[in-house]
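**Q** To start, I am sharing the structure in question, which I have written as structure tokens.
The values are calculated or read from the model by the stated rules, or taken from the named source; none is laboratory data. Just so it is clear, the structure is predicted and the values come from calculations on it, not from any experiment. Every residue, glycine as well, gets a Cβ built from its backbone with ideal geometry; the counts of neighbours run over all protein chains shown.
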Amino acid sequence: MVPLSYYLVLSGFLFACGVAGFLIKRNIITIFMSIELMLNGVNLSFVAFAAHWHSLAGQVFVFFVMVVAAAETAVGLAIIIAVYRTRETLNVDQVNLLKL
Amino acid sequence: MSIHLLLFLAFGAVCVAGAINLLAQTHPINSALSLIAVMAALAGEYLLLGAEFVAAVQVIVYAGAIMVLFVFTIMLLNAGVEERTTGSRVAVLFGIPGMLLGSILVGWVVLRHSGTEAVPAGALPGDPRTLGQLLFHEFLLPFEITSVLILIAIMGAVVLASKPPTSPAGKVD
């Protein structure tokens, strides 16, 4: 028997790590992976609350989050490839214009 | 200490270690591998909560498909060790204390106010049959909308990643 709060603390920690990675990392791919870490933290609290409230809707939401994450990854990695093709760098400090 | 709590702590330790390793590593491929470890351990947590189908999808889609896409991109772009700049030093200065403060605050509030009501292992069996019925009856409209979203995302990825059309010889655009 694990209290619900333990799951929420773990989820919050993963989300905080994602935010910190988003701020600290300079590599655009690693920044993207930090976003995935944040989404995973949110998914954990969805599943924990689903078990707590006895409602399967929480688990269905996880699928929607996964679909959005997959779509975001596909488009984001394509944008990263396009940026690399014109800038020859992955450092976000050197990518300061949206124009390709 | 029950076996359930022991398993939770074991998977949780892998999650925490992987998340910290993601921040500590400077090479993106190491960060990607530690993120895969986090996702696999999260699948274990989902199994403890009784969400079997979500755990399977987590391993197949997240740790499998999405992370393979990341690793392929890292190898395609030949990403090297990231360089530190002045901007990132300021981010470290504010990011790490902010992260610690945020997680301590969230942990304190949650542990203080949410009570000690325990979630029993496998409390809510999330088998594919029940989930599918819910997904295709109550959540049919969001399901269809996400299918349109993912179609648009596929087309956008193809358009963005395709090589720009080469201009005819002798012509400067």
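Residue by residue, here is whether (1) more than 9 Å from every other protein chain (Cβ to nearest Cβ); (2) over 23 Å from the mean Cα position of the chain (by Cα); (3) modelled with pLDDT of 80 or more holds:
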position	(1), (2), (3)
B:L111	no, yes, no
B:G115	no, yes, no
B:V119	no, yes, no
B:P142	no, no, yes
B:I145	yes, no, yes
B:A153	no, no, yes
B:V159	no, yes, yes
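**Q** May I pose another question? Pairs only if they're at least six apart or on different chains, beta carbon under 9 angstrom, first in the range B:94-107 and farther than 16 Å from A:M38 by Cβ, second of a type in the set (S, T, N, Q); list them, first residue then second.
**A** Going by the 9 Å Cβ cut-off, the qualifying pairs are B:G107/A:S5.
**Q** Right, something else. Restrict the check to the range B:42-61 and report whether at least one residue is surrounded by fewer than 14 Cβ atoms within 10 Å (Cβ to Cβ), without any contact (Cβ under 8 Å) to a residue 40 or more places away in the chain and either not acidic (D, E) or not in a helix (DSSP H, G or I) (or both).
**A** Step one: of the range B:42-61, the residues surrounded by fewer than 14 Cβ atoms within 10 Å (Cβ to Cβ) are B:60.
So of that shortlist, the ones also without any contact (Cβ under 8 Å) to a residue 40 or more places away in the chain come out as B:60.
With either not acidic (D, E) or not in a helix (DSSP H, G or I) (or both) added as a condition, the list becomes B:60.
So far as the range B:42-61 goes, yes, one or more of its residues are surrounded by fewer than 14 Cβ atoms within 10 Å (Cβ to Cβ), without any contact (Cβ under 8 Å) to a residue 40 or more places away in the chain and either not acidic (D, E) or not in a helix (DSSP H, G or I) (or both).
**Q** Output the residues belonging to the range A:1-26 that are outside any loop (DSSP other than H, G, I, E, B), farther than 20 Å from B:H4 by Cα and not small (G, A, S). Give the derivation first.
**A** Applying the first criterion (outside any loop (DSSP other than H, G, I, E, B)) to the range A:1-26 yields A:2-24.
If we keep only those that are farther than 20 Å from B:H4 by Cα too, we end up with A:12-24.
Matches in the range A:1-26: A:F13, A:L14, A:F15, A:C17, A:V19, A:F22, A:L23, A:I24.
**Q** Across the range B:65-74, which residue is farthest from A:I35 (Cα to Cα) among those that are surrounded by fewer than 20 Cβ atoms within 10 Å (Cβ to Cβ), without any contact (Cβ under 8 Å) to a residue 24 or more places away in the chain and in contact with a helix residue (DSSP H, G or I) (Cβ under 9 Å, 6 or more places away or on another chain)?
**A** Per the criteria, the residue is B:F72.
**Q** For residues that are over 19 Å from A:M38 (Cβ atoms) and without any contact (Cβ under 8 Å) to a residue 40 or more places away in the chain, tally how many sit in the range B:12-29.
**A** 1
**Q** Could I ask something else about it? Which residue, of A:F15, A:F32, A:F64, A:F49, is facing chain B (nearest Cβ under 7 Å) and of a type in the set (A, V, I, L, M, F, W, C)?
**A** One residue alone meets the criteria, A:F64.
**Q** Follow-up. When the residues of the range A:70-91 are filtered to those that are within 25 Å of B:Y62 (Cα to Cα) and more than 7 Å from chain B (Cβ to nearest Cβ), which remaining residue is surrounded by the fewest Cβ atoms within 10 Å (Cβ to Cβ)?
**A** Of everything passing the filter in the range A:70-91, A:E72 is surrounded by the fewest Cβ atoms within 10 Å (Cβ to Cβ).
**Q** Consider A:M33 carefully, then state whether it is touching a Pro at 6+ places or on another chain (Cβ under 9 Å) and crowded, with 24+ Cβ neighbours inside 10 Å. Quick ask: steps written out before the conclusion?
**A** On the way: touching a Pro at 6+ places or on another chain (Cβ under 9 Å): yes; crowded, with 24+ Cβ neighbours inside 10 Å: yes.
Yes, satisfied.
**Q** Might you let me know whether the range A:27-39 holds any residue that is of a type in the set (S, T, N, Q) and in a helix (DSSP H, G or I)?
**A** yes
Every residue, every condition in (1) within 23 Å of B:T26 (Cβ to Cβ); (2) in contact (Cβ under 8 Å) with a residue 40 or more places away in the chain; (3) acidic (D, E), yes or no:
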site	(1), (2), (3)
A:I29	yes, yes, no
A:L37	yes, no, no
A:L44	no, no, no
A:H52	no, yes, no
A:V65	no, no, no
A:A74	no, no, no
A:Y84	yes, no, no
